[in-house]
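Enquirer: Pasting a structure here, questions to come.
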Amino acid sequence: MLEIRSARKVFYKGQADEKVALDGLSLKLATGEFGVVIGSNGAGKSSMLNAISGALVLDSGQIIINGDDVTDMPVHKRAVRLARVFQDPMKGTAASMTVAENMLLADLRSKKRTLRQGLNAARLATYKERLELLGLGLENRLDTRVELLSGGQRQSLSLIMAVGGSPDLLLLDEHTAALDPRTADIVMKATVRAVEALKLTTLMVTHNMQHAVDFGHSVIMLDAGKLRLEITGEEKAKVTVVDLIGHFSVKTDRMLLAS
């Protein structure tokens, strides 16, 4: 479960270029819910993810994960509670290490273990099982160096590494934006399989309106650091790309009228 309570963050406060990134943002995501976040550039999407992960310190407000207030918890401690997959496929993996070695490092990140435990047979069997969720054949390439994988395979591996510890919350930060359409579709299908299999509470930021329509339980639109729109249930099942683009148009019209 995720709850953001009246989150506010202002950059360059009191200066000529003052920027309100989060303006009293409040949002709730139930346990196991998959929320898809959309919004124009500067709407506050990245600031919201950074605030949740601890990379951005709020001026005021609270971040609650599974009932615990983590607002003042540093990034390295929150890493045990949440996982994040970034836009850049190269960012979440170590290129010179094998698939299995990368997965081992991900396991050790959130647990009090040492490298001495190594890649034993039981752990390798677990990694194969996890990778099978992707449907990309990576379970048969455990000894392959990650630098030899395609961008889509590498991003899919980043996903599996992120969810391996069954985090309380999964953050997907435009994780298909750097991929070609076919590869992005493969990664999204792998994402859904992993999220559903592990019943993960997930928040995904995307600029892909078709993905916002096709995936997730809710569509959340941010505008100027505030929650502008939330579509759930039957309305979400019926929403179209044209509908979503229409909400962006309303925002544009409002800005023109104000100018």
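The values are calculated or read from the model by the stated rules, or taken from the named source; none is laboratory data. As the structure is a computational prediction, the values presented were derived from the model and not from experiment. Cβ: placed from backbone, ideal geometry, glycine included. Neighbour counts: every protein chain shown.
Enquirer: Give all pairs with beta carbons closer than 8 Å in which a residue from region 57-75 that is within 21 Å of R109 (Cα to Cα) meets a residue that is exposed (fewer than 15 other Cβ atoms within 10 Å of the Cβ) and of a type in the set (D, E); count only pairs at least 6 apart in sequence or on separate chains.
Expert: Cβ pairs passing all conditions: none.
Enquirer: Return the residues of region 79-118 that are in a helix (DSSP H, G or I) and at pLDDT 90 or above; say none if nothing qualifies.
Expert: Selection gives V99, A100, E101, N102, M103, L104.
Enquirer: What residue, of L58, L22, is assigned to a loop (DSSP other than H, G, I, E, B) and over 14 Å from L2 (Cα atoms)?
Expert: L58
Enquirer: Right, next: Which count do you get for residues in region 206-229 that are acidic (D, E), part of a strand (DSSP E or B) and over 17 Å from L49 (Cα atoms)?
Expert: 0
Enquirer: Could you figure out which of (1) part of a helix (DSSP H, G or I); (2) more than 25 Å from R78 (Cβ to Cβ); (3) touching a residue at least 40 places away in the same chain (Cβ under 8 Å); (4) within 19 Å of the chain's Cα centre (by Cα) isn't true of A197?
Expert: (2)
Enquirer: Which of the following residues is within 16 Å of the chain's Cα centre (by Cα) and surrounded by fewer than 21 Cβ atoms within 10 Å (Cβ to Cβ): D88, D69?
Expert: D88
Enquirer: Further, regarding this structure: For the structure I just gave you, tell me whether V99 is surrounded by 13 or more Cβ atoms within 10 Å (Cβ to Cβ), hydrophobic (A, V, I, L, M, F, W, C) and under 15 Å from A79 (Cα atoms).
Expert: So V99 fails the test.
Enquirer: A178 - would you say it is among the hydrophobic types (A, V, I, L, M, F, W, C), surrounded by 18 or more Cβ atoms within 10 Å (Cβ to Cβ) and at pLDDT below 95?
Expert: Criteria not met by A178.
Enquirer: Could you please find all residues in region 187-202 being within 14 Å of G135 (Cα to Cα), hydrophobic (A, V, I, L, M, F, W, C) and surrounded by fewer than 21 Cβ atoms within 10 Å (Cβ to Cβ)?
Expert: V192, A197
Enquirer: Name the single residue that is farthest from the chain's Cα centre (by Cα) among those in region 41-61 being surrounded by 16 or more Cβ atoms within 10 Å (Cβ to Cβ), at negative phi and not aliphatic (A, V, I, L, M).
Expert: Across region 41-61, the extreme among qualifying residues is S47.
Enquirer: Something else about it: Among L170, L134, which is the only one that is crowded, with 18+ Cβ neighbours inside 10 Å, at pLDDT below 90 and under 21 Å from the mean Cα position of the chain (by Cα)?
Expert: Going through L170, L134 in turn, the sole match is L134.
Enquirer: Only one of these conditions is not met by E33: (1) surrounded by fewer than 17 Cβ atoms within 10 Å (Cβ to Cβ); (2) among the acidic types (D, E); (3) modelled with pLDDT of 95 or more. Which number is it?
Expert: Answer for E33: the failing condition is (1).
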